[in-house]
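To keep things clear, I will list the structure first and then write my remarks on it.
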Amino acid sequence: MTADIIDGKAFAAEIRNKVAGHVTRMQADHDLVPGLAVVLVGEDPASQVYVRNKGKQTVEVGMASFEHRLSEDTSQADLLALLDRLNADPEIHGILVQLPLPSHIDSDLVINRIDPSKDVDGFHISNVGLLATGQKAMVPCTPLGCLMMLRDRHGSLSGMNAVVVGRSNIVGKPMAQLLLRDSCTVTIAHSRTRDIAEVCRRADILVAAVGRPEMVTGDWVKPGATVIDVGINRIPAPERGADKYRLVGDVHFESAVAAAGAITPVPGGVGPMTIACLLANTLTACCRANGLPEPEGLTA
Ligand code: NDP
């Protein structure tokens with residue numbers, strides 16, 4: 001058996017098109033332009049790339065992009081004051097603070113300073129609580145993207161056995177909450193889980209969000225299962241030349257593809273969905289702020 005490859009790049013492009021269509025209508029009918037503010041503190045090269053891509057895609061779907069690049073030594077007080085200004089600005093519907101923050105800044109304090117209704121990353125404690133209690137929340141972008149791909153593949157997820165490997169606040173836990181909300185039977189595995197391969201083999205839906213290159217191998221995958229690989233790991237690729245790297249997921253693709261029914265590749269699977277869902281969340285936040293109906297198929 002060879003699994004269907006879930007094309008996250010094409011799916012993300014579809015979402016961006018839908019978002020762009022909504023944005024055009026919103027501007028025509030209501031004279032409204034959704035605005036996303038991204039705040040970057042410091043010079044982390046990976047963060048710079050993410051922020052650049054976010055800004056570019058925000059503009060491409062017709063939204064307003066506001067970038068705030070602050071120096072590494074920005075004080076926590078100055079960052080909080082900026083967030084207060086963004087919270088009060090009616091042209092800004094979504095605020096994202098790029099993580100990680102420099103070590104002298106308390107990330108929890110900063111995230112919880114964002115107005116929950118503008119918290120398009122879904123990390124504010126209010127949104128975490130709303131999601132956990134099944135209320136209307138802003139949902140973290142990466143798990144939202146995974147959920148959209150799973151719904152697209154299966155329609156209803158009700159009654160399916162789902163195993164999420166990883167229990168981080170940004171991926172594992174919200175992913176598990178979303179699957180539970182869609183009536184899966186959910187198991188969360190982590191570094192202390194006993195006989196993790198056996199746990200994974202029970203999964204109709206297996207989500208790997210571990211940060212360990214190719215840890216989940218084909219013999220962990222139930223035949224026909226849907227495998228969502230969230231991991232993004234850079235590993236040396238000497239076959240491409242000295243100092244060259246390649247990206248791999250947390251799943252060993254070559255062995256898993258032989259067992260799974262469907263699988264996301266790395267790159268080109270979950271990765272592109274994350275920014276697409278950030279744009280979807282910004283649109284949703286703008287609709288909610290203005291009492292407009294929420295875009296169908298773009299929320300949890
Ligand atoms: P974290 O490091 O925050 O969490 C990793 C989780 O994996 C922890 O819960 C940890 O368990 C668990 N874990 C670690 N080692 C093992 C092991 N040997 N067996 C079982 N579980 C283990 O990572 P994130 O959740 O932030 O990210 C996970 C991966 O997803 C990374 O590769 C990251 O780059 C990628 N990512 C991709 C995104 C995208 O857009 N596609 C967005 C965000 C992340 P414990 O809690 O017990 O320590």
| query | On a 0 to 90 degree scale, rounded to 10, what angle separates helix 141-154 from the longest Cα axis of the chain? | reply | 50 degrees
| What list of ³J(HN,Hα) values in whole Hz, one per residue of segment 31-48 in order, does the Karplus curve 6.51 cos²θ - 1.76 cosθ + 1.60 (θ = phi - 60°) give from phi, with Gly and Pro shown as x? | 6, 10, 10, x, x, 10, 9, 10, 10, 10, 10, x, 10, 3, x, 4, 4, 4
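Top to bottom by accessible area (1.4 Å), largest first, where do PHE11, PHE253 land? Walk me through the numbers on the way to the answer.
On the way: PHE11 30, PHE253 65 Å².
In descending accessible area the options line up as PHE253, PHE11.
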| Any idea of HIS93's accessible area? Nearest 10 Å², probe 1.4 Å. | 10 Å²
| task | Can you tell me the FRET efficiency between ARG25 and ALA88 if r is taken as the Cβ-Cβ distance and R0 is 30 Å, rounded to the nearest 0.05? | result | 0.65
| query | Using a 1.4 Å probe on the protein chains only, how many percent of the accessible area of segment 141-271 belongs to carbon and sulfur? | reply | 49 percent
| task | With the Cα gyration tensor of segment 29-83 in hand, convert its eigenvalues to equivalent ellipsoid semi-axes via √(5λ) and list them largest first in whole Å. | result | 25, 16, 5
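With every protein chain kept in the model, how would you rank GLU294, GLU67 by accessible area, 1.4 Å probe, largest at the top?
Values: GLU294 60, GLU67 80 Å².
Largest to smallest exposure gives the sequence GLU67, GLU294.
Considering only DSSP beta bridges with both partners in segment 141-271, what is the antiparallel share in %, to the nearest 5? Working shown, then result.
Details: 4 of 20 bridges.
The antiparallel proportion sits near 20 percent.
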| Where the centroid of each part is defined by its Cα atoms, how far is segment 155-180 from segment 30-104 in Å? | 28 Å
| said: Quick check for me: using +1 on Lys/Arg Cβ and -1 on Asp/Glu Cβ, what's the dipole size of segment 128-213 about its Cα centre, in debye to the nearest 20? | reply: 180 debye
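Given the DSSP H assignment, sum -39500 (n - 2.57) over each helix run of at least 4 residues in the chain and divide by its residue total; what's the result at 222 nm in deg cm²/dmol, nearest 500?
Values: 10 runs with 122 residues, N = 300.
The helix-only estimate for the chain comes to -12500 deg cm²/dmol at 222 nm.
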| query | Any idea of the accessible area per residue across segment 141-271, 1.4 Å probe, to the nearest Å²? | reply | 45 Å²
| To the nearest 20 debye, what charge dipole does the chain have about its Cα centre, counting +1 at the Cβ of each Lys and Arg and -1 at the Cβ of each Asp and Glu? | 580 debye
| Residues GLU67 and SER191, FRET efficiency given R0 of 41 Å [Cβ-Cβ distance, rounded to 0.05] | 0.70
| request: Give me the lysines in straight-line cross-link reach of LYS173: C-alpha distance below 28 Å, same-chain residues under 8 apart excluded. | output: LYS9, LYS18, LYS54, LYS118, LYS136, LYS222
| remark: With 0.36 nm assigned to each residue of separation and the Cα-Cα distance removed, VAL49 to GLU254 gains 70.9 nm
| How much net charge surrounds PRO265 when only the other residues with a Cβ under 10 Å from the Cβ of PRO265 are counted, with Lys and Arg +1 and Asp and Glu -1? | -1
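The values are calculated or read from the model by the stated rules, or taken from the named source; none is laboratory data. It should be emphasised that the depicted structure is a prediction, and the values quoted were computed from it without experimental measurement. Neighbour counts are summed over all protein chains in view; Cβ atoms, including those assigned to glycine, are modelled from backbone coordinates with ideal geometry. SASA here: full protein model, heavy atoms, side chains in, ligands and nucleic acids out. Shrake-Rupley method; radii C 1.70, N 1.55, O 1.52, S 1.80 Å.
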